[in-house]
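A short reminder: the numbers here are calculations on the coordinates, not readings from a lab. What you are looking at is a predicted structure, and each value in this text was computed from that prediction instead of being measured. Here the Cβ is made from the backbone with ideal geometry for all residues, glycine too, and neighbour counts use every protein chain on show.
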2 protein chains.
Amino acid sequence: MVGGGQLARMTQQAAIALGIGFEVLAAGPLESAAQVVRQAVIGDHDDLDDLRRFAQRCDVITFDHEHVPTAFLRTLRDEGVVVRPAPEALENAQDKLVMRSTLTAAGIPGPLWSQVASADDVVAFAASAGWPVVLKTARGGYDGKGVTLVDDAAHAQRVLDAAAPGTRWLAEQKVPFVRELAVQVARSPHGQAAVYPVVQTTQIDGICREVIAPAPIDDDVALAAQDIALHVAQTLEVTGMLAVEMFQTAEGVLVNELAMRPHNSGHWSIDGAVTSQFEQHLRAVLDLPLGSTAALAPYTVMANVLGGDHPDMYKAYLHCMAHDPGLRIHMYGKDVRPGRKVGHVTVVGDDLEDLLERARHGAAYLTGDITE
Amino acid sequence: MVGGGQLARMTQQAAIALGIGFEVLAAGPLESAAQVVRQAVIGDHDDLDDLRRFAQRCDVITFDHEHVPTAFLRTLRDEGVVVRPAPEALENAQDKLVMRSTLTAAGIPGPLWSQVASADDVVAFAASAGWPVVLKTARGGYDGKGVTLVDDAAHAQRVLDAAAPGTRWLAEQKVPFVRELAVQVARSPHGQAAVYPVVQTTQIDGICREVIAPAPIDDDVALAAQDIALHVAQTLEVTGMLAVEMFQTAEGVLVNELAMRPHNSGHWSIDGAVTSQFEQHLRAVLDLPLGSTAALAPYTVMANVLGGDHPDMYKAYLHCMAHDPGLRIHMYGKDVRPGRKVGHVTVVGDDLEDLLERARHGAAYLTGDITE
């Protein structure tokens, strides 16, 4: 797995169970995943030679982020490296213009969108989609970065002017959503697919904060969302995990973003599903039969733990364990910085209100937002 | 954790989630656990200098087996190393004469037993306990080794004669049990204890093959078994996990064997309980608050995967995944040798008969006992 973050770290837990040799390419020996594998390869995912050196150790290479240049991946593939997902698929997770074009061509529902290059283009788009407009860079955005809600032409101009030359942009309709949903799908090279229960995600400042599995929605909405996610996986010929973030609107479900890897909205599956998304990703990229995506309990709630003002979380950690013996705590081995995702907590059970309260308390306490 | 076997390997999975730095002392770099930690310390658990070198890296040392000489552990403790469980507790898991004496003195129910040194002693014991007699070496026995069922004086003489000089022996009544049970208990240094549901274990040739959680027994028997296990943990001042193997008889429950570490009879907890025995062991030895021991489903069945005649298990592994997407597969990264524990499988659900069939099929297929 290229990348040494928490996704690779949690994939190692799954690799241990499956008895699969698991290597990571990390930027340094203290990265989240590098702490927990036998010998991380230290290198740069932007350097072809580092990628080549890493790939020589592996039967298959896959990714814990979307930042590897696809040109390098094509080169590696030409040299005989097995790359999953393939660069053609991955491009849809790297470039929102590619993604929107492909999904629109396939008839997959999404918000109104248009490529834009000037404030005039944004104004023209707003004439049909209305203000405010969601202005996005085609590349490089995640956790709310690269996304701005603009109110008028002058605002759009300021955003466009502040970006690096050559930045490509798209404008999207601001969707009046009822709630945000996400669907995890696994797809293997020979085409087996498995879809997880639809989850509800809550974002604050563009960062996923809380996930409810399954989402409290009608069965027909859930089926429609799963159907769309499977359609996306097949259309893009994804291999591995695909996370499809969606908006639920009064008229139906629209695709918002894609990630081709285990994703924050699927962390609930470690404690709440028969097969975690991390194990499923390994099964899929290795072309092993996929595991059951069934939930273990009526509800699972996951809440992210963000770094707070206190670098030492030990007392909070003790408190949370003592306060709620059923709280599943996942820490990523990362130094605490305010707002940085440093872990997550999960609770599993029958009573959604109770689970929400427990997960929120655990996350808020670990972050330091509350002290009692 | 001293020891590089599968127990340390599975403890690493729990350490990753808790964000705990986890080190192992392994005999070699390819041992089961050494494959999955950042930098295993290679050394001998029978060598004080190796233990000392390892302990310098750790805040607490604990064990994945019972073979470390307690004299060395006392020395390390005198030098300031925190050893959990303490050598005085661990001695009861190393030496069956110490264990039987301590438990009998505490009034904890067990089979009739007596220290023996000659065939005459065995005959005298059989006069009250009846033939056959279970003849055990005080030390060194596990997975059925060091245990012989002897039918008469001549048989006892042959067994005693075959052993190394200085071997210490005990004779135990052959208990007419209804079934074998096991209870996992965690106990932390400040005295918090948590007990898991009682499980039924099935041994074949002295090796644990199958575990049903919870055991299909009456509540009063389960409560009695849990009460005994808690009493043992408190009496021996165990820190960490304690596995108490028991016989259920028509008259009640008797203690058979002890292990002071995560134990094969507790592997079900990885997939079937809120907190696995591996996480619980870490919490206990680090004096963290203990986690919930609640089961996630009405039943969990675990079956061991023993090595069979085929060193390459890959096709069987594929088959099992395709045949049963709900089968949880745990492989230990060990070379296959006939009869060696190389993994286990677990299934979780409502229907015990169905779970038994699935777990047995998975284990038998991986072993190579069946091919369809």
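What percent of all Cα-Cα pairs in the stretch B:77-130 falls into each 10 Å bin, going from 0 up to the bin containing the maximum distance?
Histogramming the stretch B:77-130 at 10 Å steps yields 21, 36, 26, 12, 6 percent.
Hey, what did chain A get for relative contact order, percent, Cα under 8 Å, at least 6 apart? Numbers along the way, then the final one.
On the way: 783 pairs, mean separation 50.0, N = 372.
Result for chain A is 13 percent.
Viscosity 0.692 mPa s, temperature 37 °C: give me the Stokes-Einstein translational D for the stretch A:6-83 in µm²/s, with Rh taken as the Kirkwood radius over C-alpha pairs.
Calculated translational D: 257 µm²/s.
Under 5 Å between amide H atoms, partner at least 5 residues away or on a different chain: which partners does A:N256 have, H built in plane at 1.01 Å?
Amide H neighbours of A:N256: A:E245, A:M246, A:F247.
Could you point to the residue in B:S276, A:G43, B:V36 farthest towards the positive end of the protein assembly as shown's charge dipole, with +1 and -1 charges on the Cβ of Lys/Arg and Asp/Glu respectively?
Of the candidates, A:G43 comes out farthest on the positive side.
Consider just the alpha-carbon atoms of the protein assembly as shown and return their Rg together with their Dmax, both in angstrom.
Spelled out, the Cα radius of gyration and Dmax of the protein assembly as shown are 28.3, 104 Å.
For chain B, set up a Gaussian network in which alpha carbons nearer than 10 Å are linked by springs, and say which option among B:Y299, B:Y314, B:Y196 fluctuates the most.
Between B:Y299, B:Y314, B:Y196, it is B:Y314 that shows the largest mean-square fluctuation.
State, to one decimal in nm and shortest first, how far the label point of A:D46 sits from each corresponding label point in the other identical copies (label point: 7 angstrom along Cα-to-Cβ).
Going from nearest to farthest copy, the values are 5.4 nm.
Which pairs in the list B:K96/B:K341; A:K174/A:K341; A:K341/B:K334; A:K136/A:K334; B:K136/B:K334 are over 32 Å apart, alpha-carbon to alpha-carbon?
Values: B:K96/B:K341 24 Å; A:K174/A:K341 26 Å; A:K341/B:K334 35 Å; A:K136/A:K334 29 Å; B:K136/B:K334 29 Å.
Pairs exceeding the cut-off: A:K341/B:K334.
What are the ³J(HN,Hα) values, in whole Hz, obtained from phi via the Karplus relation 6.51 cos²θ - 1.76 cosθ + 1.60 with θ = phi - 60°, for each residue of the stretch B:165-174 in sequence order, with x given for Gly and Pro?
x, x, 4, 9, 10, 9, 9, 10, 4, 7
Going by average Cβ neighbours within 10 Å, how do the peptides B:63-73, B:211-221 rank, with the highest at the top?
Numbers: B:63-73: 19.4, B:211-221: 17.7.
Going from most to least packed, we get B:63-73, B:211-221.
Residue by residue through B:32-42, how many Cβ atoms from other chains fall within 10 Å of the Cβ on average? Could you put the intermediate results ahead of the total?
Details: counts 2, 1, 1, 6, 10, 5, 8, 3, 1, 0, 0.
Average neighbour count from other chains, rounded to a whole number: 3.
Could you work out the mean count of beta carbons from other protein chains within 10 Å of each residue's beta carbon in A:344-354?
Details: counts 0, 0, 0, 1, 3, 3, 0, 0, 0, 0, 0.
That average works out to 1.
Please report the antiparallel percentage of the DSSP beta bridges confined to chain A, to the nearest 5.
Values: 56 of 61 bridges.
DSSP beta bridges in chain A are roughly 90 percent antiparallel.
Select from A:T346, A:G326, A:L356 the residue farthest towards the positive end of the dipole of the stretch A:322-372; place +1 on Cβ of Lys and Arg, -1 on Cβ of Asp and Glu, and compute about the Cα centre.
A:T346
Along the positive direction of the dipole of chain B (beta-carbon charges: Lys, Arg +1; Asp, Glu -1; about the Cα centre), which of B:G110, B:V147, B:L288 reaches farthest?
Positive-end residue among those listed: B:L288.
Please compute the contact order of the stretch B:6-83 in relative form: average sequence separation of alpha-carbon pairs under 8 Å and at least six residues apart, divided by the residue count, as a percent. Provide the component values of the computation, followed by the final result.
Numbers: 86 pairs, mean separation 18.3, N = 78.
Once divided by the residue count of the stretch B:6-83, the mean separation gives 23 percent.
Placing a label point 7 Å from Cα toward Cβ, how far apart in nm is A:D312 from its equivalents in the other copies, listed shortest first to one decimal?
Computed spacing set for this position: 5.5 nm.
Sort out for me the Cα centre separation of the stretch A:249-315 from the stretch B:170-210, rounded to whole Å.
After rounding, the separation between the Cα centres reads 35 Å.
To the nearest 20 debye, what charge dipole does the protein assembly as shown have about its Cα centre, counting +1 at the Cβ of each Lys and Arg and -1 at the Cβ of each Asp and Glu?
1260
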